[in-house]
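Since every read-out is calculated from the coordinates, none of them should be taken as a lab result. Treat the numbers as computed from the prediction; the structure is a model and nothing was measured. For neighbour counting, all protein chains shown are included, and Cβ atoms are generated from backbone atoms with ideal geometry for every residue, glycine included.
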Amino acid sequence: MLEYFICFFAFIAALAAAFYMYITWHHGLFKKFGIPGPEPTFMGQLTKYGGVAVGEMDRELMKKYGKVVGYYHGRTPVLNVGDPDLVKEICIKHFNNFSSRPFNVPKDLYEEAFLTVVNGERWRNSRSVLSPSFTSGKMRAMVPLMKNCVENFLKHLEKHAESGKAVDVKTMFSGFTLDVICTTAFGIDIDSQGNPDNPLILAAKDASQFNLRNPFNLICILLPFTIPIMDFFGVGFMKREPKKFMIDTIEKVIAERQNNPSDRADFVSLAMKAKEDSEKRQEGRVFNQHDLIGNLLVFMLAAYDTTSTTLSFVSYCLATHPDIQDKVLHEINQKLGKDEEPDHENITKLKYLQQVIDETLRLFPALIRTVRYCAEDIDINGTFIAKGTEISFPVFAIQRDPDFWENPDVFDPERFSPENKESINPYSHMPFGMGPRNCIGQRLALLELKLVLVCILRSYKICCTPETETPNVKMAKGELFLRTEKPIHVRFEKR
Ligand code: HEM
């Protein structure tokens, strides 16, 4: 009997030792190549996310170890690149070696097709098929669709203003940006604020389950071989039920368009046409039905949260800086007069508004980090990066690095004035990412932001309330998408 016990414990001990070796196998990598960073522990940085905001963690790491820091997520080496010169080398000069993103979570056939997730030839193919949907001309054609959403939003805003109460801006703007993406991506007109219980809205809000506090996500990162098991239990990029509902909705819209072709200038039409063209070309990879539906879905996910976060922070910055708000309004009145409708062309005259948006995105980038994957060993100007290393660009931390930004925590749109802009290192401001794999929806986002901000500011003054956290807001812990710990509240006062 005793022998069985000994054998059993020896087996468990051997298993534990093998597991320990599996996780810690690469842990000497950064030391070997002279890259500073925290002393590796079994789980590495993964244990820290529950207790700290990701942006602050990156700032701390850079303060302590410098602009290029090596740490581990379990067994995966992660190189934190906060040096703008190295950002440029990786994102642009050596793009071919870093064109992929690492994503260690279960994915179904639709999620596998997401532009954010696909890699290699498939990414190149999807990006070139989808990019023509975001040209200036296509954006111009989408303005009437967006304006309907702006009008609807203003009706709801009027009610908020009349009540005189503080509003949770993230919730309010999420309704607006959802309306915009539903009409521009899915070809569906919904009124998220009027019908907050619309199943599509509930599904979109409930869809994302990716954050670094979720233990299942951490297990996938730590033990990539568990991904098929996690998949079986419904752990994944998105939650199963809301995903199914959204896919069914998109399929219905596509079927409807196939039966009754429409000239609506939305992404469903553009992507269906792109799919048809790719089928006719008979060369390269065909953009299939999963690519079509998956990418309409990812447009929704990538667009509505990032844009509503940015609108929330613009409101917050303008409420806390009334002098800057007055200046934006003055510019609107001067360049567009009191009644000229904002459109795709005339909003380009609003240079100061662009400065305000640039500065808001510097302090509050909707994505705290962007990531890449190193495909082959490479030495870049003395920094050795091993194959399989994940690259993390700490956007939040770079954009608040005192070496590039004077008084980095102060909101000052003058940094982006024509005179000062010249002195900004272009690789130290990357809210939409960098290089050929940057944000495909940047134009759409800026257009949407400006259209709605002009309409809001003309009619309302954005004010602080006792609930508005000043001088700084506290960021939520463990989130890769920028979130505040408490909701941001401001008040809208009729002018
Ligand atoms: C203020 C709003 C937005 C911000 C701050 C933002 C930010 C970003 C960032 C930082 C990336 C990663 C870039 C990189 O890795 O270098 C990204 C990628 C992406 N964004 Fe956006 N985004 C916004 C709005 C949108 C909108 C409106 C859409 C779509 C309609 C969109 C669709 C995408 C897609 C599909 C990707 C993946 C691109 C690729 O891998 O080729 N985004 N975005």
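Can you find, among SER417, ILE357, ILE385, the residue sitting farthest towards the positive end of the charge dipole of the stretch 332-484, where Lys and Arg contribute +1 and Asp and Glu -1 at Cβ?
The one lying farthest along the dipole's positive direction is ILE357.
Treating the beta-carbon of each Lys and Arg as +1 and of each Asp and Glu as -1, no other charges, what is the dipole magnitude of the stretch 394-495 about its Cα centre, to the nearest 20 debye?
Values: 15 positive and 14 negative charges, 127 e Å.
For this selection, approximately 620 debye.
For MET1, MET230, which order do you get if you count the other beta carbons within 10 Å of each Cβ and list the fewest first?
Ordered by Cβ neighbours within 10 Å, fewest first: MET1, MET230.
Report ³J(HN,Hα) in whole Hz for each residue of the stretch 94-105, in order, from the Karplus equation J = 6.51 cos²θ - 1.76 cosθ + 1.60 where θ = phi - 60°; Gly and Pro get x.
So the J values, rounded to whole Hz, are 10, 3, 4, 7, 10, 7, 9, 10, x, 9, 8, 9.
Given the chain, what percent of its DSSP beta bridges are antiparallel, to the nearest 5?
Antiparallel bridges: around 90 percent, rounded to the nearest 5.
Multiplying the sequence separation of TYR22 and GLU256 by 0.36 nm and subtracting their Cα-Cα distance, what value in nm do you get?
Value of the extension gain: 79.1 nm.
Out of the GluC sites (Glu not before Pro) in the stretch 280-376, which ones are loop residues according to DSSP with at most 15 other C-beta atoms within 10 Å?
Sparse-neighbourhood loop GluC sites (Glu not before Pro): GLU283, GLU340, GLU345, GLU376.
Once Rh for the chain is found with the Kirkwood sum over Cα pairs, what is the Stokes-Einstein diffusion coefficient at 4 °C and 1.567 mPa s, in µm²/s?
D, rounded to a whole number, is 53 µm²/s.
Tell me, CYS439, CYS182 in order of fewest to most beta-carbon neighbours within 10 Å?
CYS439, CYS182
Which angle from 0 to 90°, rounded to the nearest 10, does the C-alpha axis of helix 120-130 make with the longest principal axis of the chain?
10
Can you compute the modelled spin-label distance between LYS244 and ASP403, with each label point 7 Å from Cα toward Cβ, in nm?
Result: 5.1 nm between the two label points.
Rounding to the nearest 20 debye, state how big the charge dipole of the chain is about its Cα centre with +1 on each Lys and Arg Cβ and -1 on each Asp and Glu Cβ. Present the calculation step by step, with values, prior to reporting the outcome.
Values: 60 positive and 62 negative charges, 56 e Å.
That gives the chain a dipole magnitude of about 280 debye.
Under 23 Å Cα to Cα from LYS474, which lysines show up? Leave out anything in the same chain fewer than 8 places away.
LYS48, LYS63, LYS64, LYS165, LYS170, LYS205, LYS486
Only counting other Cβ atoms within 10 Å, I'd like TRP25, TRP123 sorted with the fewest neighbours first. Show your work: numbers first, answer last.
Working: TRP25 10, TRP123 18.
Listed from fewest to most nearby Cβ atoms, that is TRP25, TRP123.
Rank PHE8, ILE92, VAL235 by how far each Cα sits towards the positive end of the charge dipole of the chain (+1 on Lys, Arg Cβ; -1 on Asp, Glu Cβ) and give me just the farthest.
Of PHE8, ILE92, VAL235, it is PHE8.
What is the distance in Å between the Cα centres of the stretch 319-352 and the stretch 216-236?
Computed from Cα coordinates, the inter-centre distance equals 48 Å.
Once amide H atoms are built 1.01 Å from N in the peptide plane, which residues 5 or more positions from ARG483, or in another chain, come under 5 Å H to H?
Amide H to amide H, under 5 Å and 5 or more residues apart or across chains, ARG483 pairs with ALA476.
Quick one: Cα centre-to-centre distance for the stretch 403-439 and the stretch 160-188, in angstrom?
Centre-to-centre (Cα) distance: 28 Å.
Rounded to the nearest 500, what is the chain's calculated 222 nm mean residue ellipticity when only DSSP H runs of at least 4 contribute -39500 (n - 2.57) each, over all residues?
So the calculated ellipticity at 222 nm is -15500 deg cm²/dmol.
Each residue of the stretch 376-381 in order: what ³J(HN,Hα) in whole Hz does its phi give by Karplus 6.51 cos²θ - 1.76 cosθ + 1.60, θ = phi - 60°, with x for Gly and Pro?
Calculated HN-Hα couplings, in order: 9, 3, 8, 10, 10, 6 Hz.
What nm distance separates the two modelled labels at LEU15 and LYS64, each placed 7 Å from Cα along Cα→Cβ?
Those two pseudo-labels are separated by 3.4 nm.
Any chance you could run the full-extension gain for LYS93 through GLU158? It's 0.36 nm times the residue separation minus the Cα-Cα distance, nm to one decimal.
The span from LYS93 to GLU158 would gain 18.4 nm if fully extended.
Take every Cα pair under 8 Å in the chain that's 6+ residues apart, average their separations, divide by the length, and report that relative contact order as a whole percent.
Averaging sequence separation for qualifying contacts and normalising by length gives 24 percent for the chain.
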